[in-house]
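Just so it is clear, none of the values below were taken in a lab; they were calculated from the coordinates. If you're wondering where the values come from, they're calculated on a predicted model, not measured in any experiment. Because the Cβ atoms are built from the backbone with ideal geometry, glycine has one as well, and the counts that use them run over all protein chains shown.
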Amino acid sequence: MIKHFSYILLAIILGGCAYSFTGASIPSDMKTVAIPVFDDISGYTEAGLRENLTNVLIQKFIQDNSLQVVDRKFSDTILEGIITSLRDEPFVITGNERVNSRRVVISVRVKFLDQRSKKQLWEKTFSQYSDYAADGGLVAKQQAIQKAIENLTEDILIATVSDW
C-alpha cells in the first residue's frame, strides 16, 4: 500500500514538472517580438480600437516575459494583426421580442513572422465575444468591447508562446 502511494506521489510530482506556462516552448534563439499597431478593416467606427487592442496585447507580452517587446528594427519576430470585424448584435431576445442582452464579437487575423529567416511561422484567425445588458448603454458596450479584447489578446499570447 505504501509502495503504491509512493509511486502515485512520484508520478504527480514528476507530472507537475512537465508543464510550463512561461514560454518554455519558444525556440531558444527567439527572444524578442515587435507588435506594430493592428490594422482595422472591420468598417466599424470604434475610436481607438486598433491602438487599444495593440496596447493590451503588448502589456500581455510584457507581463508574460516570454518574448521581450522591442522595436521592429531589433526584433527576432513580428506579430502583425488585422481587425477583420467587430459586430454588436442582439443576443437574448424575450418572448415579446425585446432585446435583453447584446453580444460584441471581435475577430482578428494574426501572422507570426520570423524576421531573421523571413518565414511566416503561423497565420490564424481569432474571435472572441462578450455580452452586455441591452439597457446598459455606452458604458456597458465599452466594457464588453474591453472584455472581448482581453480574451482575444490572451488567445494570441498563448498561441504565440506555446503553439510550437
**OP:** Please find, within the range 81-109, the residue that is farthest from LYS124 (Cα to Cα) out of those that are buried (at least 16 other Cβ atoms within 10 Å of the Cβ) and aliphatic (A, V, I, L, M).
**Re:** VAL104
Original post:
Quick one: how many residues across the range 115-130 are under 18 Å from the mean Cα position of the chain (by Cα), closer than 20 Å to ASP76 by Cα and among the hydroxyl-bearing types (Ser, Thr, Tyr)?
Top reply: 0
Original post:
Which numbered condition trips up ILE62, out of (1) surrounded by 13 or more Cβ atoms within 10 Å (Cβ to Cβ); (2) closer than 21 Å to SER162 by Cβ; (3) under 15 Å from the mean Cα position of the chain (by Cα)?
Top reply: (1)
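Let's see how each residue does on (1) part of a helix (DSSP H, G or I); (2) free of Cβ contacts under 8 Å to residues at least 12 places away in the same chain:
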site: ASN100; (1), (2): no, no
site: VAL110; (1), (2): no, no
site: PHE126; (1), (2): no, no
site: TYR129; (1), (2): no, no
site: VAL139; (1), (2): yes, yes
site: ALA144; (1), (2): yes, no
site: ILE149; (1), (2): yes, no
**OP:** Sort out which residues of the range 131-164 are of a type in the set (Gly, Ala, Ser) and either over 14 Å from the mean Cα position of the chain (by Cα) or exposed (fewer than 14 other Cβ atoms within 10 Å of the Cβ) (or both), and write them in order of number.
**Re:** ALA133, ALA134, GLY136, GLY137, ALA140, ALA144
